[in-house]
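What follows is a set of notes on a single structure, which appears directly below.
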Amino acid sequence: MDNAGKAKKFFRSKTFTLAAILLLIVIFFWYVSPNHSYLSIRNISSILNSMVLYILFAVGVSMPILLGEFDLSPGYIGTAAGAMMAKLLTDVGIPWYLVIMACLMLGIAFGLLNAVLINKFRIQSFIVTLAVGSFVARGISLIVSGGRPINIDDPVIVWLGTYKIGGIVPVTVVISLTVILIYGIILAKTKFGRSIYLSGGSRKAARLAGLNPERLSYILFANSGMLGAFAGILFAARLKTGDLSGTNAYAFPAVTAVIFGGIAFGGGKGNMLGCFLGLLIINGFNNGLTIMRVTSYWQGVASGVLLLLALTLDYFANRKPKLQEVSKAHRRDSQGAAR
């Protein structure tokens, strides 16, 4: 493909559409914000800080989605992990590093439970993960906590949740950006990443290529549960308490951002750059509305309009190439019939 063809392909890509929307949002809120404070270091840090948990959840749920599955349980898993961490640290007195390992293992166990129910009993992943999250994980968080918030005073955990590099950038921001970068490299540059795309695009083709999509789903659901637990650890560390509502409400917006960022419901398409841009657009947009003193109710309406606008622009950006592909396929079929 020549340079002109590559440029044309880029301008029609989801990444370009997202980057253009982000640029328009940044210019608009920079212009209307008091003293152009929207692009101040502190406000950029605030936007990134608001994205920390969403990044971890989005990275986790995007992997099963790439495989053509769905995971709604990580938010509840995060709450259970946060409650368990507070219980083990405060009431039992276990060292922080063992507690973190135990919480991550809890997340992996939930993810494997999801995969077993999906693969062995052939239940839809949407139903399984919602049930495991809202009933099993939520029930465990209530049992562990005894129905009450548990304070956390371990100095290492408190540092993890509250320390700011240079007094501005939270260490959790650095952690979350590192996570999405690592997973982006894994998807784009490794054989394992290519196997996810191939299995999500066509499981039959994946099996013919010697891959095992079911075994892959165990790994990806376990990974999603682990990242959900890790998000719950950071959330509890930030609040210094194992809260009963915890991260329950975080997973679904993360899924929305993943789809917004171009990871297809049917699997086999999307990347972490698009996922990150989707999160940045949604959180940056909400931050700008907060600066303009727009109430949270109208923020929800505006975010919905933004999502519809992005999907519409993406549809028109890709409509012509799709029509060309259909036309070429029709010509090939006609030629084959003529022969």
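Only the coordinates and a few stated rules stand behind these numbers; no lab work does. Quantities reported herein were computed from a predicted structural model and do not represent experimental measurements. Don't worry about glycine lacking a Cβ; one is built from the backbone with ideal geometry, like all the others, and counts go over all protein chains shown.
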Self-check item: Distant-in-sequence amide H partners of THR241 (H built 1.01 Å from N, under 5 Å)
Solution: ILE152
Quiz prompt | Per-residue ³J(HN,Hα) for segment 248-260, Karplus 6.51 cos²θ - 1.76 cosθ + 1.60, θ = phi - 60°, Hz, x for Gly and Pro | solution = 3, 8, 8, 5, 5, x, 5, 4, 4, 5, 4, 5, 4
Quiz prompt | Among 129-137, 56-64, 191-199, the order from most to least packed when residues are scored by Cβ within 10 Å on average | solution = 56-64, 129-137, 191-199
Quiz item: From the phi of every residue in segment 113-118, what ³J(HN,Hα) in whole Hz does the Karplus formula 6.51 cos²θ - 1.76 cosθ + 1.60 yield, where θ is phi - 60° and glycine or proline is x?
Solution: 4, 4, 5, 4, 5, 6
Quiz prompt | Derived scalar couplings ³J(HN,Hα) [segment 227-240; Karplus, 6.51 cos²θ - 1.76 cosθ + 1.60; whole Hz; x for Gly, Pro] | solution = 5, x, 5, 5, 4, x, 4, 5, 5, 5, 5, 5, 7, 6
Self-check item: Fewest-first ranking of ASP243, ASP71, using other Cβ atoms within 10 Å as the exposure measure
Solution: ASP243, ASP71
Quiz prompt | Entries in LYS87/LYS240; LYS204/LYS269; LYS9/LYS191; LYS9/LYS204 that, when Cα-Cα distance is taken, lie over 21 Å | solution = LYS9/LYS191; LYS9/LYS204
Quiz item: Based on the alpha-carbon gyration tensor of the chain and its eigenvalue square roots a ≥ b ≥ c, which shape applies: rounded if a/c is under 1.5, prolate if not and a/b is larger than b/c, or oblate?
Solution: oblate
Exercise. For segment 226-269 and segment 168-213, write down the distance between their C-alpha centroids in whole Å.
Key: 17 Å
Quiz item: Which ordering of LEU89, LEU48, LEU22 is given by a fewest-first count of other beta-carbon atoms within 10 Å?
Solution: LEU22, LEU48, LEU89
Quiz item: Rounded if a/c is under 1.5, else prolate if a/b is larger than b/c, else oblate: which is segment 204-317, with a ≥ b ≥ c the root eigenvalues of its Cα gyration tensor?
Solution: oblate
Exercise. May I ask you to sort THR247, THR312 by Cβ crowding, counting other Cβ atoms within 10 Å and putting the fewest first?
Key: THR312, THR247
Practice problem: Of all alpha-carbon pairs in segment 32-177, indicate the percentage at a distance above 23 angstrom. | Solution: 48 percent
Quiz item: How would you order 265-273, 232-240, 147-155 from highest to lowest mean count of nearby Cβ atoms within 10 Å?
Solution: 232-240, 265-273, 147-155
Quiz item: What full-extension length gain, to one decimal in nm, is calculated for TRP30 and ILE175 as 0.36 nm per residue of separation minus the Cα-Cα distance?
Solution: 49.5 nm
Self-check item: Burial order of peptide ranges 219-230, 26-37, 168-179 (average beta-carbon count within 10 Å, highest first)
Solution: 219-230, 168-179, 26-37
